[in-house]
1. Here is a check on your reading of the model: is Ala79 among the small types (Gly, Ala, Ser) and in contact (Cβ under 8 Å) with a residue 40 or more places away in the chain?
2. For a quick check of your reading: which helices (runs of 4 or more DSSP H) sit entirely within segment 85-141 and have at least 2 residues that are in contact with a Phe, Trp or Tyr (Cβ under 7 Å, 6 or more places away or on another chain)?
3. Can you find, within segment 150-202, the residue that is farthest from Asn122 (Cα to Cα) among those that are open to solvent by less than 50 Å² (accessible area, probe 1.4 Å) and part of a strand (DSSP E or B)?
4. Against the definition (open to solvent by 60 Å² or more (accessible area, probe 1.4 Å), at pLDDT 95 or above, out of contact with any Leu (no Cβ under 6 Å at 6 or more places or on another chain) and among the polar types (S, T, N, Q)), how does Asn127 come out, yes or no?
5. Of everything in segment 9-31 that's closer than 21 Å to Arg188 by Cβ and of a type in the set (A, V, I, L, M), which residue is most open to solvent (accessible area, probe 1.4 Å)?
6. Is it true that Ala43 is over 27 Å from Ala190 (Cα atoms), assigned to a loop (DSSP other than H, G, I, E, B), open to solvent by less than 70 Å² (accessible area, probe 1.4 Å) and out of contact with any helix residue (DSSP H, G or I) (no Cβ under 7 Å at 6 or more places or on another chain)?
7. Mind checking which residues of segment 46-84 are at pLDDT below 95, surrounded by fewer than 14 Cβ atoms within 10 Å (Cβ to Cβ) and part of a helix (DSSP H, G or I)?
8. Would you be able to tell me the number of residues in segment 121-180 that are more than 15 Å from the chain's Cα centre (by Cα) and among the β-branched types (Val, Ile, Thr)?
Amino acid sequence: MSAKIAVVYYSATGNVHQLAKAVAEGAEKAGADVRLRRVPELAPDSAIDANPAWREHVEAAKDVEVATLDDLVWADAYAFGSPTRFGNIASQLKQFIDTTGGLWQQGVMANKPATGFASAHNAHGGNESTLLALYNTFHHWGSIIVAPGYTDPVVYPAGGNPYGTAHRGGAGTPSEETLAAARYQGERLADITTRLLAGRAA
C-alpha cells in the first residue's frame with residue numbers, strides 16, 4: 001500500500017523550495033505517491049521586485065502547482081515547510097492553514113502523520129520556534145507529529161535539529177548535508193505512514 005504524501009510549502013527566495021523537493025524525493029524513494037505544492041504568494045510585486053532573488057524564485061517556481069484543500073483530503077500524511085518570520089511561520093503558509101477550518105471540523109487531518117521543515121537567515125534565527133509553532137497546528141488537527149529526532153546519523157551534519165530539517169539561509173543555498181537530512185525526513189514520514197496504513201488495513 002503506497003502512502004500518499006502532500007509536501008506543502010512557502011518559499012520566498014528558494015531555500016525552502018529546495019528543502020521541499022528533497023523531502024519529496026525522500027518520500028518517493030520510500031515508495032510514496034507525492035504531491036509537491038506551493039501556497040500562493042501574498043506579497044505585492046513592489047516588495048518582490050525589491051529583492052532580485054525573490055523575483056527570480058517567483059518566476060522559477062511558476063510551474064509548481066498551487067496547494068488546495070483537496071491536496072489535504074487526498075493525502076495520508078503531510079510535510080509543511082516555511083521560512084522563519086520573527087520566529088514564526090510565514091503569513092503565506094499561515095493563510096493557507098487558516099482555510100482548513102472546515103476540513104478540521106470533519107476530522108480530515110486527524111490521525112495523519114505530519115512533519116515540518118524550515119529556514120532562517122541565522123543559525124539561531126528562529127528555526128526551532130517556527131517548527132514548534134507549525135506543530136501547534138498539527139496538535140489542533142489531531143495529527144501525529146513525525147519529527148526526525150536523532151533517529152539517523154544524517155541529522156547531525158545538517159545541524160542536528162530534532163524538530164525538523166532546518167537551513168541557515170545566510171550561508172547560501174542548502175548544503176548537500178542539509179538536503180540529505182531533508183530526504184531522510186521525507187523517507188521517515190513515508191515509512192511511518194505506510195506502517196500505519198498497513199496496521200489499519202490489517
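The values are calculated or read from the model by the stated rules, or taken from the named source; none is laboratory data. None of these values were measured; they are calculated from a predicted model. With ideal geometry, Cβ positions are generated from the backbone for all residues, glycine too; neighbour counts draw on all protein chains shown. Note: areas computed on protein heavy atoms with side chains; ligands, DNA, RNA excluded. Shrake-Rupley method; radii C 1.70, N 1.55, O 1.52, S 1.80 Å.
1. yes
2. Passing ranges, in order: 91-97, 127-141.
3. Ranking the qualifying residues of segment 150-202, first place goes to Ala166.
4. no
5. The selected residue is Ala30.
6. yes
7. Ser46, Ala47, Asp49, Pro52, Ala53, Glu56, Glu59, Ala60
8. Of the residues in segment 121-180, 4 are more than 15 Å from the chain's Cα centre (by Cα) and among the β-branched types (Val, Ile, Thr).
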